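A short worksheet on the structure shown next.
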Amino acid sequence: MDYPRRSRGKSLNMKTTMSSRERILATIVGKPTDRIASDFRAEPEVYEKLRKHLKLADDEAVRIWAKSDFRDLASICNTGGYGG
C-alpha cells in the first residue's frame, strides 16, 4: 500500500502552526494537529526557579516558554490549586 509522504515534520494539508486552542480542540474531536498537545505542570518552587533563571515575568511566561497548550482553570480563577 502506498502512503502519502510527509515533508520533514509537517502534516499534510495543514497550516504550519496551530494555536494552543486550535490544537486542543482538534485533539478532543480526533482531528490531526501540527504537533502533540503538551502540558507543563510544576511545583511553585520550580516555577520560581525557572522565572529567575530564564528572566521571565510570571508563571504564564514559563508556560509559554515550555510550549504548554493547557491551562489550569484553578490557577486562572485563583481558587486555590488543583481540584480545590
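If you scan the stretch 60-72, which residues turn out to be of a type in the set (D, E, K, R) and in a helix (DSSP H, G or I)?
GLU60, ARG63
Anything in the stretch 13-59 that is under 12 Å from the mean Cα position of the chain (by Cα), small (Gly, Ala, Ser) and either modelled with pLDDT of 95 or more or outside any helix (DSSP H, G or I) (or both)? List them, or say none.
The answer is SER19, ALA37, SER38.
The values are calculated or read from the model by the stated rules, or taken from the named source; none is laboratory data. Computed from a predicted structure; not experimentally measured.
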